[in-house]
Amino acid sequence: MTTEPEQQIGVGTQDAFQRLWTPHRMAYIQGENKPTGPGSEDGCPFCVIPSKSDEDGLVIARGQGVYAVLNLYPYNGGHLMVVPYRHVADYTDLDEAETVELAAFTKRAMVALRAASGAHGFNIGMNQGAVAGAGIAAHLHQHVVPRWGGDTNFMPVVGHTKVLPQLLADTRKMLADAWPATL
């Protein structure tokens, strides 16, 4: 059964498109939770998150020098980041132990995402500096974005909207439960 598109009336032009509103994205667009400066005392969310409970901080796993946390503004369900506890901006600022653990946590993230959600592939990387696209350039973080065959559809391509099938708290629990202790 199909229905006629509802006409949009009000501000703008009537165009027969139905609208999906994502007002939660405005927080990201306006820079909510972005640091006010380059120091760890300047409101860096990656420095605050470790002091929260795993549930409140959306922390999946904690290591000695790094932790894994869900992205508040994910590209896909399960999009997480591996973050050093130490407030450093550049990959070359990591010490050897942090570098090794960041790599190990990235591998564990892939294992957990495959086990929990059947991810077919991944986009993995970090943006170094604001000009390279880092949303929070002052604190290094590596993205691990799960991908599935056919996961790009008309919503993000045409509608510029991402539909996530699960609440972040539920995704955090699912990945924490699937996180391997070792590889």
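A few remarks follow.
- Residues satisfying the stated conditions in segment 110-126, i.e. in a helix (DSSP H, G or I), open to solvent by 30 Å² or more (accessible area, probe 1.4 Å) and in contact with a strand residue (DSSP E or B) (Cβ under 7 Å, 6 or more places away or on another chain): Met110, Ser117
- Pairs with Cβ under 7 Å, 6+ apart, first in segment 41-54 and surrounded by 12 or more Cβ atoms within 10 Å (Cβ to Cβ), second β-branched (Val, Ile, Thr) and modelled with pLDDT of 95 or more: Phe46/Val83; Ile49/Val59; Ile49/Val69
- Being small (Gly, Ala, Ser), open to solvent by 10 Å² or more (accessible area, probe 1.4 Å) and touching a helix residue (DSSP H, G or I) at 6+ places or on another chain (Cβ under 9 Å) is a property that does not hold for Gly129.
- Scanning segment 83-109 for residues that are open to solvent by less than 40 Å² (accessible area, probe 1.4 Å), more than 19 Å from Val145 (Cβ to Cβ) and hydrophobic (A, V, I, L, M, F, W, C) yields Val88, Leu94.
- Selection of segment 86-105 for residues being out of contact with any helix residue (DSSP H, G or I) (no Cβ under 6 Å at 6 or more places or on another chain) and not in a helix (DSSP H, G or I) yields Arg86, Val88, Ala89, Asp90, Leu94, Asp95.
- Test: residue in segment 72-79 that is modelled with pLDDT of 90 or more, polar (S, T, N, Q) and closer than 24 Å to Lys34 by Cβ: no
The values are calculated or read from the model by the stated rules, or taken from the named source; none is laboratory data. None of these values were measured; they are calculated from a predicted model. For neighbour counting, all protein chains shown are included, and Cβ atoms are generated from backbone atoms with ideal geometry for every residue, glycine included. We work out accessible area using only protein heavy atoms, side chains counted, and drop any ligands, DNA or RNA first. Shrake-Rupley method; radii C 1.70, N 1.55, O 1.52, S 1.80 Å.
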